[in-house]
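Right, one structure below, let's go through it.
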Amino acid sequence: MNNFFYAKLAGVNIRKNAKVYVPYLLTCIFTVAAYYMMSALSMNPGIDNIELGSGSLRVCLQLGVWVISLFSVIFIFYTNSFLMKRRKKEIGLYNVLGMGKGHLSRMIFYETLYIAAISLVVGFGLGILLDKTAFLVLANLMESEVPLGFYVSIDAIRNALILFGVLYLLIFLNSLQQIHLTNPIELLRGGQMGEKEPKSRWLLALVGTILLGSGYWIAVTITNPVQAFTLFFFAVILVILGTYCLFTAGSIAALKILRKNRRFYYKTNHFIAVSGMIYRMKQNAVGLANICVLSTMVLVMVSSTCSMYFGMEDMIDKTYARDIELRVNSNSEEIGEAVDSVVKEVLQEEGTEAQNLVQYLYLNCDAQKINGVYEIRPEKLNNGMAVSEYYAITFTTVDEYNKAMGTQKTLEDGEVLLYSGEGSYDGDVFPLADENWKIREKLTEFPPNGAAAIMMTSHLGVVVKDFETLQKLEKMQQFPGVDYSDYTNLQYSYAFDLDNDAAEEAVTKKLNYSFEKLADEAVKNGGGLYMLNVVVKSTERTMYLGLVGGLLFVGVFLGTLFIMATILIIYYKQISEGYDDKERFTIMEKVGMDKREIRRTIRSQVLTVFFLPLIMAGVHTAFAFPMIYRILQLLALSNVGLYLLCTGITFLIFAVLYGLIYSLTARTYYKIIS
């Protein structure tokens, strides 16, 4: 037999097994297209037209490339295992009829080659066609102009050829291993071999419950955003492991409990469904756990990225309260007068005025709560972010606070005013380092502080009596023995809105130029002004849009890919179960079950089994909600209602899609066993 025979036989096999090969082939095509699109977008020169935010956008897209790469390897290997299970009987028959394992290897080689060639060629074509559309969507999210022309990334094609070439080679070698290590009789029975009834593994079920409960406990009890960010992936791992343990061991135990319930079990539809699931639950459990994990990933990714995008304006307004903010590092109480003079001169030259002016002197400190004490001394701090609470504390004097907020508050020695933001502070004493300050009043508002907002930690505002106290606090957070004569952490904020937005660019340029001159004069005069930063809200918004828009695009893109994976897993699960159950239901029909009872049994089994992952994914998402919200707070998203709405809508849309998948796969299952 020449090679042409094996090539032709491989084509015939794919055509005859179209029911299992076509979905697999479509998945490979869409996976290749998805990888090319994400890779091409990450290298698209058109992103450079986004002057600000392009760096953050590229990072998000490159992260998406790595996720798709890992997903492709795991998922295509996983779905290929379903193909091999269905093909084992056919391959065993060829072996019995005289084809040696070397001949079978050639046939498998051509089958793998055809799948690889079709998926790569069609996948590249589809990816190139859809790449421009994806870039249009991305540019629209970024509120950017779209360059003319059609872009094809040779580098993305090369990377895809390497990745998927190696992947298909590994799949081919894995198929050869299964053929060469299995005798013909086992191959003939391979498509029919179900799992023996597994034992009730109560210990594993208990471990799964503990792991899942631990992940839930971390998600619900952590209130500090930095701790939530640090422990998030640890909690995710616990939940994933707990999910697999409960599906593989806990589900068997639950089914056996149902079997002991005579009122439930001794009904035709329940009897068939429960006994069938117990018989092969070990194999089903892994697939169901995969569906649950993928569904949870879709829900969390899409809901969080959508809430970030649609809540972006609130995040920007909270972080940057005014159109322009000047942050001047200075240890002089008179710095405010110098800044005010320069700003008024520049604004007058440009024919505009400052509105909603807020100006005050403050000190930002990194703090760590250790044994109930807020510690700012660097030699006392440690890096145990996972177990300790970190804060950004803004200190200012009562005179500066009154100037900024238009109040007339007073303080005595040893007293402070405390602002705890959206959190709450219990007690009447504020313990800082070796001092316990009496809280005279808990404030409901505090001057805007963008420098503290971008520190991505919980924020406290503390008002002290005078400038001397502020200087004392500054020295407290300095390393002993280090010369700080040419630097200060004291900062003056001068923030305002413009009554003429068109003058913003010119005003910004002149402010930068004027303050460079002021800084040079300060150096000549022996200090007083050490650093200046002009923060423009519109510029920061554009850069933030690069991050949030990129995350939304990647989140929705990967969510779509994971939904496709979920559909295919369910489809193959139903086909696999259908072929396994075909003979059993034929026997049941011969002993008296009519088609209506068979259909009712199918519906009971599918509803019980395939909606369980959706329910569990909903429970996972609900418990993850507090932790994800804490992490979003690091990005200044405090609109819990928006996140709740995005999560609810995402779950409803996904549930509808899941229901449609159930309807289609149940119909396919019934056709097979009929």
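The values are calculated or read from the model by the stated rules, or taken from the named source; none is laboratory data. Note that the structure is predicted; figures quoted are calculated from it, not measured. Here Cβ is always computed from backbone atoms with ideal geometry, including for glycine, and neighbour counts include all displayed protein chains.
Of note:
- Subset of segment 635-666 that is under 13 Å from residue 621 (Cα atoms) and polar (S, T, N, Q) - its residue that is surrounded by the most Cβ atoms within 10 Å (Cβ to Cβ): 647
- Exclusive hit being modelled with pLDDT of 70 or more, in a loop (DSSP other than H, G, I, E, B) and over 30 Å from residue 68 (Cβ atoms), set 223, 209: 223
- Segment 508-534, residues that are at pLDDT 80 or above and touching a helix residue (DSSP H, G or I) at 6+ places or on another chain (Cβ under 6 Å): 510, 511, 534
- Across segment 213-233, the number of residues qualifying as hydrophobic (A, V, I, L, M, F, W, C) and without any contact (Cβ under 8 Å) to a residue 60 or more places away in the chain comes to 2.
- Subset of segment 1-31 that is surrounded by 14 or more Cβ atoms within 10 Å (Cβ to Cβ) and farther than 26 Å from residue 567 by Cβ - its residue that is modelled with the lowest pLDDT: 6
- Residue within segment 390-406 that is at pLDDT 85 or above and part of a loop (DSSP other than H, G, I, E, B) present: yes
- Test: residue 121 is under 30 Å from residue 309 (Cα atoms) and modelled with pLDDT of 80 or more: no
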